[in-house]
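The values are calculated or read from the model by the stated rules, or taken from the named source; none is laboratory data. Since the structure is predicted, the reported quantities are computational estimates derived from the model, not experimental observations. Glycine also receives a Cβ, built like all others from the backbone with ideal geometry; neighbour counts cover every protein chain displayed. Each accessible area value is taken on the protein alone, full model and side chains, heavy atoms only, with ligands, DNA and RNA left out. Shrake-Rupley method; radii C 1.70, N 1.55, O 1.52, S 1.80 Å.
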Amino acid sequence: MEPIRQHQGLVYPINRANIDTDQIIPKQFLKRIERQGFGQFLFYNWRYDDDGNVRSNFSLNDPKYKDASILVAGENFGCGSSREHAPWSLQDYGFKVIVAPSFADIFFNNCVKTGILPVQLTTKETEVLIANAEAKEYKLTVDLEQEKVYDSEGFNASFSLSAYQREMLLNGWDEISVTLTHEDKISEFEAATSR
Amino acid sequence: MQPKTIVEKIWDKHVVHQEKDKPDLLYIDLHLVHEVTSPQAFEGLRMKGRKVRRPDLTYATMDHNVPTLDRYFIKDPVSKKQMDTLKDNCEEFGITLADIDHPDQGIVHVIGPELGLTQPGKTIVCGDSHTSTHGAFGALAFGIGTSEVEHVLATQTLWQAPPKTLNVKVNGELGKGVTAKDLILAIIAKFGVRFGTGYVIEYTGDAVKSLTMEERMTVCNMSIEAGARAGLISPDETTFEFLQGKRHVPDGEAFDKAVQEWKALATDPDATYDATVEINGDEIEPQVSWGTNPGMCIPVNETIPSPEDANSASEKEEIERALEYMGLEAGQPITSVNVDHVFIGSCTNSRLSDLRRAADIVIGKKVSDHVTAIVVPGSQTIKLLAEAEGLDKVFLDAGFEWREAGCSMCLAMNDDVIPYGERCASTSNRNFEGRQGNGARTHLVSPEMAAAAAIEGHFIDVRKYTVPSFSS
């Protein structure tokens, strides 16, 4: 997993609550057995019509957001399924940071395991970011070490991750390798509980 | 001794390792695997030269891609490859697989309990958000992503922070014709689609205690639709009676000993939760979802809400979007809405009792001319049991299709897709945009309500029917 310490990028706003995993990546694209290449399917039914034509009224199709790497959305982002294809598709499309007032539990966890930084800000702060990014080309800096989000115009907000999740992302750890350093404890547990 | 909730008791029994500033390393007793969320995890193991630590605690089946007409004819080569890959992975890593031609095949959350793999006090995970279903047995069961699937395969553990606990107390009793599905839909409609985020729900109260195991599974199944990764019910005599005689459950003296341990898991009388909400079971009516998330639900005799009733600008926008997607008008009675399709199935409502209750409604009647109706049993076992009782005949005579077991139209990953713009009364768990097909319009209901909608061609209060199951 790629470490993430600080990221500066263009913001893409999507002012909707309860964006579920079926919207992030529709089920017909979950059949592939690879981990890469899911970016083309991100928000597929919003980006393309039934015949596969680009929907010009969906904001992600607006060329001004082409290089966006920070997605800002409404409450309860990523609700629904546990499909890790959702963060994979966001990451493969080019998003490194997702900002929202709240996230679904499984999605949040999947982001951390995938190496996407989920940033929880207040509803008010999120609204400011969405308004800015809708109005103009808007860049943000997200600093995981300091747990700060700021722009060049005076916006400054704090967020927090658990110490463990922060370390995971900062170091890009392979979690299984970390766990296997405790392999003797797992074996002891199995022996002691007859598992 | 300090009183504890069932969640705390299960947690304490599974902590392998604790250290400062880290989540607990939690042991996993049962890992269920299906074809969609596992291939990348197995590939990860191969790339690092890792083994599956406990194939004996891992159990796999195929459900999401499985065709329900001719199970041996998989049209989509990508689906076929995903299923073949699971078979190859199970062979390579020594994991038991209920393959497509295996008599135990079925929806992963249906066969776990059916085989007795699901037991009180276990920690159970699966790369599937509806793993919460297994909580009905007093197990701590939750969905995980593919990275965690790989982690559990390699280590049989997960790093988990202890969850907060939320008591959802259902007082009173459910009325006749009001089902477990109506109960969980009413809970989500009342408290919202994110009230459970960050919590494990324990369902308590008289109305919950009197539910059968199959009904409890329906309730726990949709915990994730309230935002909670897991939802459970303290085990009791109903639980033990269901488990006795199941293939993987101990028998004889070992069963009696297990029951003593399971009894001790129930939440202590004076235990405290981080939060509690209450709802009165007597006030719940049959529900129909009208919108694009499971919280957008109303009692069958009410009218579709208006954006003007919203409490905030964002809620107003959400209602407007949902009405537009669903092709509905504010103020319209939900009973005036015609349906094109009826789907009875999914890990929420595809068990034998679900099929029996739906059959009670349709027996001797005919599916409306403009409705296509299908029944998809949750497992091969359920299919055979239902056929032995003649339920297949009841459905077929009424004009339903009788299909093979799988997830089917719940998420339409196989060929069972609702066409663009068409409307489905569905016993499944999610009414998200495009869930049952691009542009498809889903209404979540109980099996009884779905069956009645198939007959009438539109939604109707199922309590207007006189059927044996309402008098018991």
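Structure summary
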| item | result |
| --- | --- |
| Members of segment A:52-82 found to be away from chain B (no Cβ under 14 Å), of a type in the set (D, E, K, R) and in a loop (DSSP other than H, G, I, E, B), listed by number | A:Asp62, A:Lys66, A:Asp67 |
| Residues located in segment B:173-193, provided they are of a type in the set (Lys, Arg) and under 17 Å from B:Arg430 (Cβ atoms) | B:Lys181 |
| Residues of segment B:194-227 satisfying the condition of being open to solvent by 20 Å² or more (accessible area, probe 1.4 Å), away from every other protein chain (no Cβ under 14 Å) and within 23 Å of B:Arg430 (Cβ to Cβ) | B:Glu214, B:Glu215 |
| Count of residues meeting criterion [open to solvent by 10 Å² or more (accessible area, probe 1.4 Å), among the aliphatic types (A, V, I, L, M) and either touching a residue at least 60 places away in the same chain (Cβ under 8 Å) or away from every other protein chain (no Cβ under 13 Å) (or both)] in segment A:5-22 | 1 |
| Test set (1) under 21 Å from B:Gly295 (Cβ atoms); (2) in a helix (DSSP H, G or I) - B:Gly231 fails condition number | (2) |
| Subset of segment B:94-115 [crowded, with 18+ Cβ neighbours inside 10 Å and outside any loop (DSSP other than H, G, I, E, B)] | B:Leu97, B:Ala98, B:Gly106, B:Val108, B:His109, B:Val110, B:Ile111, B:Gly112, B:Pro113, B:Glu114, B:Leu115 |
| Residue match in segment B:286-307 (condition: without any contact (Cβ under 8 Å) to a residue 12 or more places away in the chain, touching a Lys or Arg at 6+ places or on another chain (Cβ under 6 Å) and open to solvent by less than 30 Å² (accessible area, probe 1.4 Å)) | no |
| Entirely in segment A:83-168, the strands (runs of 3 or more DSSP E) that have 1 or more residues that are under 23 Å from B:Val193 (Cβ atoms) and open to solvent by 20 Å² or more (accessible area, probe 1.4 Å) | A:117-120 |
| Selection within segment A:23-38 - crowded, with 23+ Cβ neighbours inside 10 Å and either in contact with a Leu (Cβ under 8 Å, 6 or more places away or on another chain) or at the interface with chain B (Cβ under 7 Å from one of its Cβ atoms) (or both) | A:Gln23, A:Ile24, A:Ile25, A:Pro26, A:Lys27, A:Leu30 |
| Members of segment B:273-330 found to be closer than 30 Å to B:Val7 by Cα, out of contact with any Leu (no Cβ under 6 Å at 6 or more places or on another chain) and assigned to a helix (DSSP H, G or I), listed by number | B:Asp282, B:Glu283 |
| Condition check for B:Gly281: at positive phi and either in contact with a Gly (Cβ under 8 Å, 6 or more places away or on another chain) or of a type in the set (Gly, Ala, Ser) (or both) | no |
